[in-house]
Amino acid sequence: MRLKWDKQYLKYSLYGFLTVALSILFYLLLNNAGYLYQIFSRSFGVVRRLLSPFIIGASIAYLLNPGVRWFEKRAYSRIAFLKRYKKLTRLLSILSMYLILISGIALLIVFVAPQITNNIRDIINNVDNYYTFTTEHINRWMDDIEAFSSYNISELVDARLNSLFQNAEEILIYVLNNLINSILSITYGLMNFIIGLIVSFYLLMDKESFKEGIIKVLRIIWRDEKVANIRIFGREADTLFARFIVGKSIDSFIIACICFLGLKIIGIRYALLLSVIIGITNMIPYFGPFIGAVPAVIITFFDSPLNALWLVIFILALQQFDGLILGPKILGDSVGVTPFWIIFSIVVGGKLFGVLGMFLGVPVIAVVRLMVNRFIDRRLELKEARQKVKDNNIST
């Protein structure tokens with residue numbers, strides 16, 4: 001007896017099998033999401049450690065590229081002798097940017113780092129005084145509260161304070177015990193930075209060849225029209241990133257300088273350390289000023305509660321100046337993202353990648369917004385073109 005194959009029945013059976021199989025696979029993925037996340041995190045950490053010199057080198061090359069381009073087109077191109085030697089012009093431009101970078105790092109190490117180190121050492125040495133200051137004030141407040149209350153609050157507060165400072169002491173001991181590991185980690189990071197400088201040099205020297213290689217690969221995958229659109233999108237994304245990073249860096253540097261001068265005039269202790277904290281955290285939009293203000297106010301409060309109040313007022317005034325005057329002048333509408341999406345990108349980026357994610361979340365969401373807008377505009381153009389063709393066919 002010969003069997004007859006029903007193609008329609010076979011097709012529906014295949015659809016049903018695929019549906020069940022995909023449902024089981026989706027259930028297994030959800031059921032093992034934590035394990036898969038651990039594997040992904042571990043694998044990502046290994047890959048990041050292996051590629052960290054190249055990531056650092058690419059980041060340095062990206063940050064130095066605008067300066068290299070400026071030296072190449074505006075400075076050395078005006079020298080008649082160098083116009084015939086493009087490689088030499090490129091080399092001198094790169095070396096000029098390296099000189100600026102290394103000089104800036106050297107100035108920080110020689111003038112800024114020792115003062116910050118002294119401030120931190122002074123804070124560590126005064127931990128006992130801070131503890132005494134805090135307990136005295138809290139005991140005085142508890143005595144005032146217990147005068148009107150029947151509860152024994154002071155014992156509970158003392159127990160909490162002792163536990164808090166005991167934990168702080170344990171953390172300090174742990175840090176000291178792991179000092180050798182910290183030194184090795186710093187040495188490893190320094191080696192990666194040096195290798196990254198070498199990698200960035202070759203990336204900047206041969207950036208045109210890298211671009212041509214990427215374009216050739218894209219042309220293998222997509223049509224020339226699609227590759228041209230990708231190149232246009234890449235230029236726009238690069239402009240967004242560069243404008244935000246450079247503009248925000250200049251803005252934060254100016255804020256740190258103004259903060260240092262203001263704290264010196266007010267007479268705040270550890271002015272340089274606090275200014276550096278506020279300047280660095282100012283790189284994070286919206287939340288940065290609050291993140292930087294919290295440790296600055298706490299450190300100043302232990303030295304003088306009145307100065308801490310003046311510091312709060314000064315930081316609020318400084319951030320208003322930055323948000324209303326300085327920031328718009330430097331950044332303008334550099335990313336074109338609404339406040340909701342800025343907050344969303346900062347929160348999600350911070351959860352996934354920490355402080356770096358909070359900083360890079362804004363330009364990343366701006367690039368995603370640009371990509372979505374380009375896709376929507378392209379689909380609308382195609383829809384309008386089809387509608388015109390359809391209208392022409394109907395009219396004829």
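The values are calculated or read from the model by the stated rules, or taken from the named source; none is laboratory data. As the structure is a prediction and not an experimental result, all values here were calculated from the model. Because the Cβ atoms are built from the backbone with ideal geometry, glycine has one as well, and the counts that use them run over all protein chains shown.
If you check residue 213 against the conditions, is it assigned to a helix (DSSP H, G or I) and either among the aromatic types (Phe, Trp, Tyr) or buried (at least 16 other Cβ atoms within 10 Å of the Cβ) (or both)?
No; evaluated as a whole, the condition is false for this residue.
This table checks each residue for (1) surrounded by 18 or more Cβ atoms within 10 Å (Cβ to Cβ); (2) among the basic types (Lys, Arg); (3) in a helix (DSSP H, G or I); (4) within 19 Å of the chain's Cα centre (by Cα).
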residue	(1), (2), (3), (4)
218	no, no, yes, no
235	no, yes, yes, no
252	yes, no, yes, yes
289	yes, no, yes, yes
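Screening residue 61 with (1) under 20 Å from the mean Cα position of the chain (by Cα); (2) within 20 Å of residue 189 (Cα to Cα); (3) at pLDDT below 75 gives one miss only, at (3). Residue pairs whose Cβ atoms lie under 7 Å apart, sitting 6 or more positions apart in sequence or on different chains, and linking a residue in the range 239-258 that is of a type in the set (D, E, K, R) to a partner that is part of a helix (DSSP H, G or I), are 251/322; 251/326; 251/327; 251/330.
Just one of (1) closer than 28 Å to residue 99 by Cα; (2) buried (at least 18 other Cβ atoms within 10 Å of the Cβ) fails for residue 271. It is (1).
Could you check, for the range 301-318, whether at least one of its residues is at pLDDT below 75 and among the hydroxyl-bearing types (Ser, Thr, Tyr)? Within the range 301-318 (the criterion being at pLDDT below 75 and among the hydroxyl-bearing types (Ser, Thr, Tyr)), the answer is no, since none of the residues qualifies. Determine, yes or no, whether residue 326 is under 23 Å from the mean Cα position of the chain (by Cα), surrounded by 15 or more Cβ atoms within 10 Å (Cβ to Cβ), under 22 Å from residue 247 (Cβ atoms) and at pLDDT 80 or above. When the stated conditions are applied, residue 326 does not pass them. Of all residues in the range 346-365, those that are closer than 19 Å to residue 240 by Cβ have Cβ atoms under 7 Å from Cβ atoms of residues that are modelled with pLDDT under 75 and hydroxyl-bearing (Ser, Thr, Tyr), 6 or more apart or on another chain, in 346/286.
Confirm whether residue 370 is within 30 Å of residue 234 (Cβ to Cβ) and in contact with a Gly (Cβ under 9 Å, 6 or more places away or on another chain). Taking the combined requirement at face value, the residue satisfies it. Assess whether residue 347 counts as being out of contact with any Cys (no Cβ under 8 Å at 6 or more places or on another chain), in a helix (DSSP H, G or I) and more than 24 Å from residue 233 (Cα to Cα). So residue 347 passes the test.
The requirement of being out of contact with any helix residue (DSSP H, G or I) (no Cβ under 7 Å at 6 or more places or on another chain), surrounded by fewer than 16 Cβ atoms within 10 Å (Cβ to Cβ), under 26 Å from residue 66 (Cα atoms) and among the hydrophobic types (A, V, I, L, M, F, W, C) is fulfilled nowhere in the range 298-309; no residue meets it. I'd like to know if the range 355-378 contains one or more residues that are more than 30 Å from residue 271 (Cα to Cα), part of a helix (DSSP H, G or I) and of a type in the set (Asp, Glu). Checking the range 355-378: at least one residue is more than 30 Å from residue 271 (Cα to Cα), part of a helix (DSSP H, G or I) and of a type in the set (Asp, Glu).
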